[in-house]
């Protein structure tokens, strides 16, 4: 759970405030919560606050914290003492969380959204309602799965047409900003947004997030993997990202796991502040960060766990054993499906039924995304942590903050 009070303090004192009970307390995201199997930690496995100095090792000595995969415990990874090759995490399904994580998010009491505006209500004036002949769906770059194509969505589009009586047109965009702008301008009526972009879509685009996907194993969401190369023996902790000889890649400014979350969590748990202790190099996407680390363009970086898996699986020249994870967060919600708030109520209801009352098992959609069903979510509760992270980072919900 994220404990929160109003106010924000300067970068040099933020972590001290958190650890003494002031400002934000994102202990639930410290990487000690449940693993892919749904087991739950006790919340005491916080990252070490001791500096690693010069990294504690060299290429000749190896990484003394690199631990055999057999010792990886999803419920208690022990990041203060251990690093693991990414294969150890993926083999345990640690790239995702569980329905227990999701239920904890859905059931908490949140009276008001902690940052920005709440979801807009459907207009009562019928003249303000949209009733398009064709519903336009847009798929933005995703925290969860990258590179989907129109045919991957056909099973979903068929269900939407069955429930609304309206055909669906696919419109792919190539940036977070473009996905939000498409909904704001009413050129898109339904969208999959990335996790970090969702609050922008709510505040700028009139989006109403209503559902997230589950895998057949009922796994949920994704994590932030603080990643480096397997042979980077002197990078043993996020603290080492602050060294002058370490080049760090982030994905995009609006990305949750690729920029917003590490900017807050690295600061809180490791006293490492992006753009203060290291220069942020934007790669343009999680796949680019992954490939850039492998190629040596970056030494390390925060990566969306499921995007990382997607990239490695798609690249024949990459292996999970090429990468080392030095820290991972607790699960974040995956990018939701949303519709525009001023669609006619019967269209909104039909879209919701198409997602929430359907089984996509055996379809191209399940094969490509891993999801065979959707469950309802409330933006106010499930996105609480994301909004707090963005408030912590002084994010303003503007088109310029999204980037191009």
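FYI, it's all coordinate maths here, none of it is from the lab. Worth saying up front: this structure is predicted, and the values here are computed from it rather than measured. So basically every Cβ, Gly included, is an ideal-geometry build from the backbone, and we count neighbours across all protein chains shown.
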### Query
Taking the alpha-carbon centroid of each part, what is the distance from the stretch 290-304 to the stretch 377-404 in angstrom?
25 Å
### Message
Treating only the Cα positions of the stretch 69-124 as identical point scatterers, give the base-10 log of I(q)/I(0) from the Debye formula at each q in 0.16, 0.24, 0.26, 0.29 Å⁻¹.
### Response
-0.71, -0.98, -1.06, -1.17
### Query
Distance from the Cα centre of the stretch 101-140 to that of the stretch 209-246, in angstrom?
29 Å
### Summary
Placing each pseudo-label 7 Å from Cα in the direction of the beta carbon, residue 158 and residue 276 end up separated by a distance in nanometres of 5.4 nm
### Summary
Taking the stretch 265-329, the equivalent ellipsoid from its C-alpha gyration tensor has semi-axes in Å, biggest first, of 22, 13, 10
### Task
Figure the gain on full extension for residue 375 and residue 120 (residue separation times 0.36 nm, minus the Cα-Cα span) and round it to one decimal in nm.
89.7 nm
### Task
Would you please calculate the Kirkwood hydrodynamic radius of the stretch 313-404 over all C-alpha pairs and express it in Å, rounded to one decimal?
17.3 Å
### Query
In whole angstrom, how long is each semi-axis of the equivalent ellipsoid of the stretch 344-388, when you take the square root of 5 times every eigenvalue of its Cα gyration tensor and sort them from largest down?
23, 18, 7
#### Entry: Approximate spin-label separation residue 127-residue 103, in nm, with each point projected 7 Å along Cα-to-Cβ
4.9 nm
### Query
In terms of the Cα gyration tensor, with a ≥ b ≥ c the square roots of its eigenvalues, is the stretch 229-368 rounded because a/c is under 1.5, prolate because a/b exceeds b/c, or oblate?
prolate
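First measure r as the distance between the Cβ atoms of residue 398 and residue 364, then evaluate 1/(1 + (r/R0)^6) with R0 = 35 Å and state the FRET efficiency to the nearest 0.05. Working shown, then result.
Numbers: r = 37 Å, r/R0 = 1.05.
According to the calculation, E is roughly 0.45.
Need one number: the % of Cα-Cα pairs in the stretch 90-183 sitting beyond the 15 Å mark. Don't skip to the answer; put the middle values down first.
Details: 3370 of 4371 pairs.
Percent of Cα pairs beyond 15 Å in the stretch 90-183: 77.
Is the stretch 193-255 best put as rounded, prolate or oblate by its Cα gyration tensor, with a ≥ b ≥ c the root eigenvalues, rounded for a/c under 1.5, and otherwise prolate when a/b is larger than b/c, oblate when not? Mind dumping the intermediate values first?
Values: a/c = 4.68, a/b = 1.77, b/c = 2.64.
Taking the square roots of the gyration eigenvalues as a ≥ b ≥ c, the stretch 193-255 is oblate.
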### Query
Under the classification rounded if a/c is under 1.5, otherwise prolate if a/b is larger than b/c and oblate if not, where does the stretch 132-235 fall, given a ≥ b ≥ c as square roots of the Cα gyration tensor eigenvalues?
prolate
